[in-house]
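I have placed the structure first, in the form of structure tokens, so that the comments after it can refer back to it.
The values are calculated or read from the model by the stated rules, or taken from the named source; none is laboratory data. Model, not experiment: these values are computed from the prediction. Using ideal geometry, Cβ is built from the backbone for each residue, glycine included, and neighbour counts are taken over all protein chains shown. Please note that ligands, DNA and RNA were not included when accessible areas were found on the heavy atoms of the full protein model with its side chains. Shrake-Rupley method; radii C 1.70, N 1.55, O 1.52, S 1.80 Å.
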Amino acid sequence: MKVAADAERLRREGADIVDFGAGEPDFPTPDNIKLAAVKALDANFTKYTNTGGTLELREAICERHKTDFGTNYAGATECMVTVGGKHAIFNLIQALINPGDEVIIPVPYWVTYKDVVNYAGGVCVFVETDESTGFEVSARLIERHLTPKTKLVIINSPCNPSGGVLSKEEFGAIYDLISKRDVFLLTDECYCQFVYDAAPFSIAAVPGAKDNVVVAGSLSKTYAMTGWRIGFALAPAPVIGAMMKLQSHCTSNPTSIAQKAAVEAMRGTQDSVPVMLAEYRRRRDFVIGRLRQILGVSIVTPKGAFYAYPNISVAFKSGKVKNSLDFSNQLLTASHVAVVPGEAFGTNDHIRISYATSMRELERGLDRLHKFIDGVRG
Ligand SMILES: Cc1ncc(COP(=O)(O)O)c(C=O)c1O
């Protein structure tokens, strides 16, 4: 947020900024989805809906999840619509976590988890992963951090920021581990359709998993709908009930018109998804190729999402740059490229580059990044 604000200020002052900071698709929302919202407006579908969303949308979400991943959720009791996937995560953590409860979070992590757990009075237990193994968390690593106070394990695959994707086997092993205990597994499926080299899957499809798995889903990235604010949770009925109580006193229902658009996203053509995925793959390959040309920079090939997470610690050796935040600030001020410092995600040797932007911007920004690192390498 700070980098975005600084970039915006520089832009207002006339600087030609290349923005690799934004974690949102540069594609427009597909036309069929937009049209459904227009129709909803024309039909005056502009009033309150049920707190957890219309039954029509909840059933559409469960159908889509079943078609894509083979799960079997009941729209009326095991699904709720939220104001973006972030809201599903917030609701769950506030409903589930009591002061002192421990929440296991693999590093690097999406920034929000930590703050939302802290807000609930929970204790974040960070599990360090290794760049040399693609930042992949394992059941073995998680097991070492389980205590009687562990209440929740959060897995985000594909991962923001690393682009890491857990294998089905490892995810299954993590599920086996927690299912033997009184622990919930939150699977953040925000980028579930953007997997490059394997078939997407949901751990919620494992027989029996529904009892202690919570899916946080989002339409933001899959359908380029970040501004519409539609996400969802799939969870055991008592958990949905608790989350619903919280939502009813905080936001009430997500926007009615956006819900109609979301029904079309779930039930209408899915043609836009592979088109975006192919474009992200093309950009990923370009970005990784260019980063590998920069002396001293290492990069784990992202297997999903639309982020690259290069190690830029080579820039610290000369003493001209102190850490990832300093790197990002200097890169922005001197070379007018906005990136997010790894510090925000729990590692200090990295920056996050979002390649959800045009090839032209990627070329311009990576040229500047290359020159910047050559200049500070010393
Ligand atoms: C890992 C992850 N989870 C969840 C979200 C939430 O997205 P939204 O609230 O737009 O659905 C994001 C957004 O950037 C994300 O990166």
Quickly run through the range 286-317 and pick out the residues that are open to solvent by 20 Å² or more (accessible area, probe 1.4 Å), small (G, A, S) and in contact with a helix residue (DSSP H, G or I) (Cβ under 6 Å, 6 or more places away or on another chain). G296
Does K210 qualify as being touching a residue at least 40 places away in the same chain (Cβ under 8 Å), in a helix (DSSP H, G or I) and buried (at least 17 other Cβ atoms within 10 Å of the Cβ)? yes
Going by the structure shown, is Q193 part of a loop (DSSP other than H, G, I, E, B), open to solvent by less than 50 Å² (accessible area, probe 1.4 Å), within 15 Å of the ligand (Cβ to nearest atom) and of a type outside the set (D, E)? yes
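Quick grid of which residues meet (1) surrounded by fewer than 21 Cβ atoms within 10 Å (Cβ to Cβ); (2) at pLDDT 95 or above; (3) of a type outside the set (V, I, T); (4) within 28 Å of V107 (Cβ to Cβ):
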position	(1), (2), (3), (4)
G342	no, yes, yes, yes
D349	yes, yes, yes, yes
R352	no, yes, yes, yes
S358	yes, no, yes, no
Of everything in the range 286-312 that's in a helix (DSSP H, G or I) and in contact with a Phe, Trp or Tyr (Cβ under 9 Å, 6 or more places away or on another chain), which residue is farthest from the ligand (Cβ to nearest atom)? F286
Just to confirm my filter: which strands (runs of 3 or more DSSP E) fall fully inside the range 48-136 and include at least 2 residues that are in contact with a Lys or Arg (Cβ under 7 Å, 6 or more places away or on another chain)? 79-82, 102-107
Residue check: is D6 farther than 16 Å from I230 by Cβ and crowded, with 16+ Cβ neighbours inside 10 Å? yes
Restricting the search to the range 110-157, which residues are of a type in the set (S, T, Y), open to solvent by less than 10 Å² (accessible area, probe 1.4 Å) and under 21 Å from D176 (Cα atoms)? T150
Against the conditions (1) within 16 Å of the ligand (Cβ to nearest atom); (2) in contact with a Leu (Cβ under 8 Å, 6 or more places away or on another chain); (3) more than 27 Å from S132 (Cα to Cα), where does L219 fall short? Just the number, please. (2)
Restrict the check to the range 167-185 and report whether at least one residue is closer than 27 Å to I351 by Cβ, assigned to a loop (DSSP other than H, G, I, E, B) and open to solvent by 20 Å² or more (accessible area, probe 1.4 Å). yes
Within the range 54-73, does at least one residue satisfy the condition of being within 16 Å of the ligand (Cβ to nearest atom), at pLDDT 95 or above and not hydrophobic (A, V, I, L, M, F, W, C)? yes
In this structure, is V123 more than 13 Å from the ligand (Cβ to nearest atom), among the β-branched types (V, I, T) and in contact with a Phe, Trp or Tyr (Cβ under 8 Å, 6 or more places away or on another chain)? no
From the list A233, A334, which one is touching a residue at least 24 places away in the same chain (Cβ under 8 Å) and either touching a Cys at 6+ places or on another chain (Cβ under 8 Å) or not in a helix (DSSP H, G or I) (or both)? A233
Out of the residues in the range 1-53 that are within 16 Å of the ligand (Cβ to nearest atom) and among the hydrophobic types (A, V, I, L, M, F, W, C), which is modelled with the highest pLDDT? I33
Mind counting the residues in the range 78-109 that are over 25 Å from C62 (Cβ atoms) and either polar (S, T, N, Q) or open to solvent by 40 Å² or more (accessible area, probe 1.4 Å) (or both)? 2
